[in-house]
Each structure stands twice: as C-alpha cells, then as structure tokens.
1. Quick one: order SER51, SER109, SER27 from most to least accessible surface, probe 1.4 Å.
2. Per residue, how much accessible surface does the stretch 18-128 expose to a 1.4 Å probe? Answer in Å², no decimals.
3. Going by average Cβ neighbours within 10 Å, how do the peptides 126-135, 77-86 rank, with the highest at the top?
4. Using a probe of 1.4 angstrom, how much of the accessible area of the stretch 64-122 is carbon and sulfur, in percent?
5. In debye, nearest 20, what is the charge dipole magnitude of the chain about its Cα centre with +1 on Lys and Arg Cβ and -1 on Asp and Glu Cβ, if you could check?
6. Quick one: net charge around ALA110, please, counting Lys, Arg +1 and Asp, Glu -1 for every other residue with C-beta under 9 Å from its C-beta.
7. Please give the net charge around ALA122, taking every other residue with its beta carbon less than 14 angstrom from that of ALA122, where Lys and Arg add +1 and Asp and Glu add -1.
8. Provide the net charge surrounding ALA59, with neighbours chosen by a C-beta distance below 9 Å and charges set as Lys +1, Arg +1, Asp -1, Glu -1.
Amino acid sequence: MSEPTAARAVLEVWCDLQCPDCHRAESDLAALRERFGDTLEIRRRHFPLASHAHAYAAAQAAEEAYAQGKGDEYCAALLARTDDLAARGETVLTEVARECGLDAGEIESALIDGRHLLAVDADQAEGQAIGVTGTPTYVIGGKRLDGGKSQQGLRERVARLVESALAGTDAS
C-alpha cells in the first residue's frame, strides 16, 4: 500500500532581479520556506520591469543558472546586489555567477545567443495576462497579492493563503 501524498502548496513569485522591493521580499520568502518546509513550493517567475535597464538580462542569466542547477542561489545572490547591478551593469551577472560556482562563460554565452529569451518572455506574458503590474507579485491558490505597492503585512497574508491551500479551503 502506498503512502498518502502530503499536501503541497505552490507560491508563484513574479520578480524583477534588479528590483530593491524583490530583494526586501527575500526575507519573507526565507521565513515562508522555514515555516512550511517541503509543503510549500516557491516558483520564481520573471517580470523584468522596463525601468530597470539590466533586469531582462538578469532574468536570462537566472534561467541559465537554473539550467546549471543553482538558480535559486543565483537569484538570491543577485538580488542582494541590486544597487551594484544598477550601477555597474551586466558585468555583475557574471561576477555573481562565479561567486555561486556557476560557469560564468555559459552565462555570458546565454546572454549572447538568447537561449533563454522564450522562457523569460513567456513568464512576462503570463504575468501580464493575470494582471501583474509590479514586483514582487505573489500568486497562490488563484489569489494575486501585489508586493510592489506595499509589503506591509504581506508575509502574513501569504502564510494564511498557504495554510488554506494546504488545508484545501478558501481563505478569501
């Protein structure tokens, strides 16, 4: 007889990797990971904002980091350097790759050959289709929460939605 499958919830986070608000949201995501463990899957989605000159390239670099098996680590490290990315540009993308133990040459190649353009464009198009206008934006259980306007109380609201999703109830 097989074991029952544990309930899981999926939290999608639309993020701009040059966004200071997304950097501040990292502590919320870490707290949610700690609280819910393996019952919560956090999926980063790309939503590079036009106001951030290097966000689109950062999203492509992140996709290459995921292809190399260290996407979440790379995203967190890059978000910690949003000011540096804004000031120094795309050289920061390969610096962070090296710091994370990634093949920085492949990051550079991915930016040149555009191998991850479709993934970034698909995320952005899906985000636009569901009404994402700023970052970070969270979606869980069909509910969208806009952290780009205010992050005040957002972790608690997300946690309530995760609990409801895990319990199979509606936390509207």
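1. The most accessible residue leads, giving SER51, SER27, SER109.
2. Result: 46 Å² per residue.
3. Taking the mean over residues of other Cβ atoms within 10 Å, the ranking is 77-86, 126-135.
4. 52
5. Taking the Cα centre of the chain as origin, the dipole is about 620 debye.
6. -4
7. Net local charge, ALA122 excluded: -1.
8. That works out to -3.
The values are calculated or read from the model by the stated rules, or taken from the named source; none is laboratory data. Small disclaimer: the values here were computed from a predicted structure and weren't measured. Cβ atoms come from the backbone with ideal geometry, glycine included; neighbour counts cover every protein chain shown. Surface accessibility is based on the protein's heavy atoms, side chains included, excluding ligands, DNA and RNA. Shrake-Rupley method; radii C 1.70, N 1.55, O 1.52, S 1.80 Å.
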